[in-house]
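Inspection log for the structure reproduced underneath, given as structure tokens.
The values are calculated or read from the model by the stated rules, or taken from the named source; none is laboratory data. Only a predicted model underlies this, so the values are computations on that prediction, with no experimental measurement involved. As a convention, Cβ positions derive from the backbone with ideal geometry for all residues, glycine included, and neighbour counts pool all protein chains shown. Note: accessible area is taken over every heavy atom of the protein model, side chains too, but ligands, DNA and RNA are not part of it. Shrake-Rupley method; radii C 1.70, N 1.55, O 1.52, S 1.80 Å.
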Amino acid sequence: MLEEFCNSVFWNASFLDRPDADLPLCFEQTVLVWIPLGFLWLLAPWHLYCIYKSRTSKSSLTHLYLTKQVLVVLLLITSVIELALTIVESQEQPTPPPVQYTNPCLFIVTWVLVLVIHHCKRWCVNQDSWVLIMFWIFSLVCGVFQFQTFIRILLKGNNSNLAEFCLYFISYGIKLLTLIVSSISERTPETKASSNNPSATASFLSSITFSWFDSIIVKGYKHPLTLEDVWELNEDQKTQKLSNIFAKHMEKGIKKARKALQKRCQKRKSQEKSETQMNGPNISQSQDNLVLEDMKQKKKKKESITGTSQDFAKSWLIKTLFNTFRGVLMKSFFYKLVQDLLTFLSPQLLKLMISFANDSSSYIWKGYVWSSLFFVVALIQSFCLQWYFQYCFILGMDVRTTLMDSIYRKTLTISNKSRKQYTIGETVNLMAVDAQRFTDVANFIHLIWSCPLQIILSIVFLWLELGPSILAGLGLMILLIPINAVLATKSRKIQVENMKNKDKRLKLMNEILGGIKILKYFAWEPSFMEQIQGIRKKELKNLKSFSLLQSVVVFIFSLAPIMVSLITFTVYVLVDSNNVLDAQKAFTSITLFNILRFPLAMFPMLISSMLQVSVSTERLEKYLTGDDLDTSSIRWDVHSDKAVQFHKASFTWDRSIEPAIQNVTLDIKTGQLIAVVGTVGSGKSSLMASILGEMEPVHGHITLKGSIAYVPQQSWIQNGTMKDNILFGSPLDEERYYQVLEACALLTDLKILPAGDLTEIGEKGINLSGGQKQRISLARAVYNNSDIYILDDPLSAVDSHVGKHLFNKVIGPNGLLKDKTRILVTHGIHFLPQVDDIVVLVNGVIVEKGSYSDLLANKATFAKNLKLFAKKSSSEGEATVNESESENEDDLLPSVEEIPNEAVSITLKRENNFQRTLSRRSRSDSNRHRKSLRNSLKVGNMKPKQKENEEIVKGQKLIEKETVETGQVKFSVFLKYLNAMGWWFIIFILLAYMANSVAFMGSNFWLSEWTNDAQDYLNKTYPTSQRDLRIGIYGVLGFAQGFFVLLASFLSAYGSLHASQTLHLQLLYNILRAPMSFFDTTPTGRIVNRFANDISTVDDTIPASLRSWILCFLGIISTLVMISAVTPVFIIIIIPLAIIYIFVQRFYVATSRQLRRLDSVTKSPIYSHFSETVSGLSIIRAFEHQQRFQKHNESLIDINKKCVFSWIISNRWLAIRLELVGNLVVFFSALLGVIYKEDLRGDAVGLVLSNALNITQTLNWLVRMTSELETNIVAVERIDEYIKVKNEAPWITEKRPPDDWPSKGEIHFSNYQVRYRPELELTLHGITCHIESAEKVGVVGRTGAGKSSLTSCLFRILEAAGGQLTIDGLDIASIGLHDLRNKLTIIPQDPILFSGSLRMNLDPFNKYSDEEIWKALELAHLKPYVEGLPQGLGHEVSEAGDNFSVGQRQLLCLGRALLRKSKILIMDEATAAVDLETDNLIHTTIREEFSNCTVITIAHRLHTIMDCDRIIVLDSGKIIEYDSPEKLLQRSGPFYFMAKDAGIESLNTSL
């Protein structure tokens, strides 16, 4: 039929059975023309429908659009001309065949369709059509056959159809031009304006090759990328959009899961019922039995209740994720399936190539066809694989961001009861760890079905090659699975144990850094260094076991393919003497075995990561289905005449306990100021929480009118500027803002803070005092301008003077909030007369309500408590320095400490080093610091401040930013690591790996020779000796490979262990020798990070990366050597390919490295913001800012996501280009095999191609490893940075003091000057004084006067900037630090304990006997307490000594001092944080035990130093008074005024 249609032969096999093969013209004009046309017409309706659905506004005309339309019109014209020519011809000659009418008509209609598609695409964002691109490619590929046929006809001299031929050539050229034009990405003015991300408008070819990403790669190569360089996400990738879709599916999923949960609960209940009926009591049972039975029932009931409470809505998360992302899953499934099937085409093509090489009679064109097919199959495979990875990684990224956002959303609504089940750390872990596990599995999810598919196909094809013999090899592979599993389990066990050691080490390290000052004071560094090293030894021991196990795993993994092929081939040749191993069988089988290695290696890994995900799924399901806040009992009524109305309301924190608020009925009118008072634990804060809806309602309700602002008891400060904290999302109103700052007493703080209100506040307000934090918290509420103000004891953290100011200016009857409704929880009695009503709470019940005078007249609870409190405060009055008069003193000069020229002022650092939330010290002292600053700021001469203005704005940042290395990692860093490993190790490791490569090449060449025997012994008997020799040598070479890999792994395990040990020791040694100023300016977290992440990278990641890199590199070299050995011409091809490879790799590594850094930099703000949200949840809810915080979270996730997305794209960009290089290696290897067919045999071609097929993966892996190694070696760079930190003076020098020094304890300061850091001004200005032996001296002065600097000088924490300090005539600068510090004793300001035994805390070097320690404890009044502990001296002290009260900790510090009993004792504000009783105990002991010692006391409470022999009064780093207390009180100097403020008139009143 088709032959009549064309008037010529349609198909004849003889056309191909000749050297110059060709296809019949009829076949070319029908089938090959209709394939592309059929493709287009089949897809056109669906394509147009998709265009219609995705249309937006019409875009402007572009040059590209017009060019495409013109080219298609030209094609239309050629088709019309062709049709016209046929019609004209039909009139002159016999009728032309129907095909000549049909084809032009089909083309005319097709070109019109193409014009329509182009036109419709103008309504889309992406103007490019992938259907048309594929159509042009098919047209050109199918048309090339007709093209060459026409050329052949013309070359034979047949010119009869010249016009038709010319038209065909013109139309072919236009099609080629159209394809080129269509592959250019088209960006209209509209798309340029709306988005800067070119992926949305990239053409089809640009998309599949990721060429649209070129500009970022080039930019990243030229200079390190910044966040601004990274493109924004497209709308459909943004977190908000994905989360909304997920939320819809989640709602349905949870509904179903909750129904299933109800059924489970009902089933459980009915089972219990039936059990109780069956076990009903027997009448004859004795009373005892009945009681026992009753107890059992109760126990069972309790268990069932907890069981039910632990049960939750399960098995909905995976389904929800599937429903949300099924589109991406289906696309990736399709690509993976195609890729898997194409993988098995390569061995078949290899088989065809070998048979082509062996068959001397086969036509050369077949070789070219197979070579081209090799390339085409590999190319399609590459595209499919990369797009499969692209979709999988994007799926992983989307799943992670969706889960993170869902966790965040849930956190904003979760009930307090559900929230209490998780610590902040655990909640952050859900976001950081559990969500990440989903990402890891999403990347490989399709391997669930792909691995079994690949295994089955491999076995089928191997069976076809070698028959049942493959069962032997397969058996070995299966046998290796349990062996691997056992090794993996053992490895995991070691890892788990090592994690515990790591945690121990980091915990101790954290404590060391937290208490570094104590370590330096007591010269305890060596002891703690020993402890760390002890843990590190265990860690390294485990690491050694783990590394050796890993070496065995690597050995098995590398030996497996060799052993499998050896056993299979051996069985194959031994089973039957007719079985001779030829090249086709051997190399096809080896390629199939290589394919089989991947699924067998991946499957166990996949299963273990899926098990991890199942744990995470359960944790996430439990969290996401937790109860939400029940606000049903809070009602809003705009028309109510009351602002707050309680109606028989009872609230509880947990249904299982008694209500914290019971039957409260309370009316609060609009504009009233209500004080809520009561003892500790009476339910004041619970009453506030109930108004906020934070508690579980029991019965009754609360009616509210208007919006709420809330100031919590413990202020919550965000990491951001002070201004951001106060505005809290509201627009800025300058006048109101200033008003609020003034009212909240924050203007003075602005002058102190380096950049005023733009100063960055650290996490949790770390660089603010307690009082400052509380005032910012209050300012936030005041600025928010709400109707109802809930103030939960905001005046407790500020000192009385400031409290008064805040009450008058903000809260009180004349304050900023005078027209608002205020509910104030307070302990300040002096404010109560000014409030409208007082509510008295006892155990959650309101016992009294009324005005101040009414309640006093009632003489009930309130009046009684008031009397008690008045007594208490009068006894403590003398202890607190009242400073109301100090406001007016204008004669004090500001000291450097007081106006810090950078945010990390040492005073602030010292004051905030260990925040004690509401201790007396923080109440009185934090404000004193601020007030002395206020005084100093009143000084007329403010020039120093102006002069330092530039630096001050620099100090706006809290702590200098951590240096993020950019650009390439210096070679010296690699050398540093290799040096730490040891050069002998390096040499032997390289030699072992090289030997492995030589054995690998040897076994390949030997196999090639072995398969050659099939040709040599054709039709002859194969000698057994020859056969055994072949098997034997092949086996020996295989074992040699395994042995050398094992040897290299063992050596690298020991080498890397040596490196880990060396680097950690150097780092630890140097950090403990760093001066105190280093710890003042470096956050603890940053130092801990070096010991945690960076050491962990050096321990685990770098050795693995280095091993992989060497293996990959040598693998590629040996493959290229083998190919070049067989076909030397290949060397010429290697050179350009190597240049392309290196060029692409250098470009990629620069960009990828920076994108990875940006990823980690943008990840931490997400977690910080999350933990901040969790800790400030009640405030966010009270202000109703959930929406704003959610948006901020989404924007943070999107910023991180755009970095991750760009990193994923950069990997695909690289992989496509590298795979192209790999595919070209395969193509040229095959091509050379065809060109040099005469010189090569089948075994040589098999050897070359089977290795070339492997190279693509290895090339890809090498770049990945290079990049990973560069990224990870940064850890060594960071460690090295801290190894080079400048040290303090040596611990022990050649000049050592006498053993009995100091025998007298005389201290002499001679013109002594000191500064904190070289760039700062002097803190002590030339102090000269003499302290006699056994003299008791007190040191006083306002905060920042230099009191603590004095202590630091004695211990040489600060080195002298001038002058001299001698003890017993010996200059302390001339001896070693430990010699000095061991001879002095200090009871420090902060009583720091370390986790460990109580004995270790008192005597870390085990110098003293138990008797001596018990004696010291007895003198420190702790003996009875310690004796009462179960383990006595062995009692475990928890982290930071949390299981001891502050007073007990201070007494333990006294115990340390009593043990040392040195001639000089320094007390640095030692009793600031303890109650009067403990204070008294400490002073009595010191008077008795240190009577013959020199004691220097830095005072906080003046009465503590009134019994000293002499008192030093410091101000601005100078001694302004130095005399006995009696004489000082007689003069009207600074000391006299201080004493007067404290209520001390004479020595008698103080004692």
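For region 75-195, report the translational diffusion coefficient in µm²/s to the nearest whole number, using Stokes-Einstein at 10 °C, 1.306 mPa s, and a Kirkwood Rh over Cα pairs.
The estimated diffusion coefficient comes to 96 µm²/s.
Suppose only helical runs count, i.e. DSSP H with n ≥ 4. What mean residue ellipticity at 222 nm does that imply for the chain under -39500 (n - 2.57) per run, divided by all residues and rounded to the nearest 500 deg cm²/dmol?
-20500 deg cm²/dmol
Given 4 °C and 1.567 mPa s, how large is the Stokes-Einstein diffusion coefficient of region 399-475 in µm²/s, with Rh as the Kirkwood radius over Cα pairs?
80
What does the extension gain come out to for residue 1125 and residue 597, with contour length at 0.36 nm per residue minus their alpha carbon separation?
Residue separation times 0.36 nm, minus the Cα-Cα distance, leaves 187.4 nm.
Rank by packing, highest mean first: peptides 855-863, 1390-1398, 25-33, 533-541, with packing defined as the count of other Cβ atoms within 10 Å averaged across residues.
Highest mean packing first, the order is 1390-1398, 25-33, 533-541, 855-863.
Taking the alpha-carbon centroid of each part, what is the distance from region 332-372 to region 514-535 in angstrom?
68
I need the per residue convex hull volume for region 448-536, using only the alpha carbons, in cubic angstrom as a whole number.
Hull volume normalised by residue count: 131 Å³.
Give the angle, between 0 and 90 degrees and rounded to the nearest 10, that separates the Cα long axis of helix 447-466 from the longest principal axis of the Cα atoms of the chain.
The angle comes out at about 30 degrees.
Take each of the peptides 484-494, 1077-1087, average the number of other beta-carbon atoms within 10 Å over its residues, and list them starting from the highest.
1077-1087, 484-494
Show the residues, 5+ positions off or on another chain, whose built amide H is closer than 5 Å to the amide H of residue 1336.
When sequence neighbours closer than 5 places are left aside, the close amide H contacts are 1495, 1509, 1510.
Taking the Cα atoms only, what angle lies between the long axis of helix 364-413 and the longest principal axis of the chain, rounded to 10 degrees?
Helix 364-413 sits at roughly 20 degrees to that axis.
Convex hull over the Cα atoms of region 1250-1299, averaged projected area in nm²?
Spelled out: convex hull of the Cα atoms, projected over all directions, averaged, 6.9 nm².
Using the alpha carbon gyration tensor of the chain, what are the three equivalent-ellipsoid semi-axes (square root of 5 times each eigenvalue), largest first, in whole Å?
For the chain, the semi-axes come out at 76, 42, 34 Å.
Sorted by mean Cβ packing within 10 Å, highest first, what order do the peptides 1223-1233, 1268-1278 take?
Order by mean packing, descending: 1223-1233, 1268-1278.
Can you tell me the accessible area per residue over the chain, all protein chains present, probe 1.4 angstrom, in square angstrom?
Result: 44 Å² per residue.
Ratio of alpha-carbon Rg to the 2.2 N^0.38 Å globular estimate for region 574-671, to two decimals, please.
Normalised by 2.2 N^0.38 Å, the Cα Rg of region 574-671 equals 2.82.
Looking at the chain only, what percent of DSSP beta bridges run antiparallel? Nearest 5 please.
55
Relative contact order (percent) for the chain, with alpha-carbon contacts under 8 angstrom and 6 or more residues of separation?
It comes to 11 percent, rounded to a whole number.
Using alpha carbons only, how many degrees (0 to 90, rounded to 10) separate the axis of helix 326-343 from the longest principal axis of the chain?
Orientation of helix 326-343: about 50 degrees from the principal axis.
As an exercise, use a Förster radius of 35 Å and the Cβ-Cβ distance of residue 359 and residue 170 to find the FRET efficiency, rounded to the nearest 0.05.
E between residue 359 and residue 170, to the nearest 0.05, is 0.25.
Efficiency by 1/(1 + (r/R0)^6): what FRET value for residue 1414 and residue 611, r their Cβ-Cβ distance, R0 = 56 Å, to the nearest 0.05?
In this case the efficiency is close to 0.60.
Using only the heavy atoms of the protein chains and a 1.4 Å probe, how would 1319, 4, 89, 1219 rank by accessible area, largest first?
Largest accessible area first, the list is 4, 1319, 89, 1219.
Between region 1392-1458 and region 422-464, how far is it from one alpha carbon centroid to the other, in angstrom?
52
What FRET efficiency comes out for residue 499 versus residue 1084 if R0 is 30 angstrom and r is the Cβ-Cβ distance? Round to the nearest 0.05.
With a Förster radius of 30 Å, E is 0.90.
In whole Å, largest first, what are the principal axis extents of the Cα atoms in region 623-758?
In descending order, the Cα extents are 51, 40, 33 Å.
Taking the dipole about the Cα centre of the chain, with the C-beta of Lys and Arg at +1 and of Asp and Glu at -1, give me whichever of 407, 125, 1452 is farthest to the positive side.
407
At a 1.4 Å probe, what is the % contribution of carbon and sulfur to the accessible area of the chain?
60
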